[in-house]
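The next block holds one structure in the form of structure tokens; read it before the comments.
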Amino acid sequence: CRSKRLCRLLTSCCNPCGDLALIDVKGFDPKDITVTVKDGKVTVSAERKVECNTGVTRTSNYKKFIKEFCLPPGVHDKEVTYSV
């Protein structure tokens, strides 16, 4: 598995240099990750389901990740940028 990290850069007029938050989402593809910013909160979630069918047996592996946190004072929802 390759490690994937989600970088979220918070910028605001009060803090022009911005703050950087790294969230480890190891085991998830970038297409599995969702970031939402609403009402001063950032939510990072990811889900994936892997099925394996050997012809004799069938197994499923399901992973889910959710992390939510509040934006620092002075940072507005529209000022948040992120990259995967």
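Coordinate-derived values only; no laboratory data. All figures in this text were calculated on a predicted structure; none of them were measured in a lab.
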Could you give the length gained by full extension between GLU68 and TYR82, i.e. 0.36 nm per residue of separation minus their alpha carbon distance, to one decimal place? 3.6 nm
Range of Cα positions in segment 30-70 per principal axis (Å), largest first: 50, 15, 11
List the lysines whose Cα lies under 25 Å from the Cα of LYS63, skipping any in the same chain that are fewer than 8 positions away. LYS4, LYS26, LYS31, LYS38, LYS41, LYS49
Under 8 Å for C-alpha pairs, at least 6 residues apart: give me the relative contact order for segment 30-70, rounded to a whole percent. 38
Assuming 0.36 nm per residue, please report the length gained on full extension of the stretch ARG48 to LYS26 beyond their Cα-Cα distance. 6.7 nm
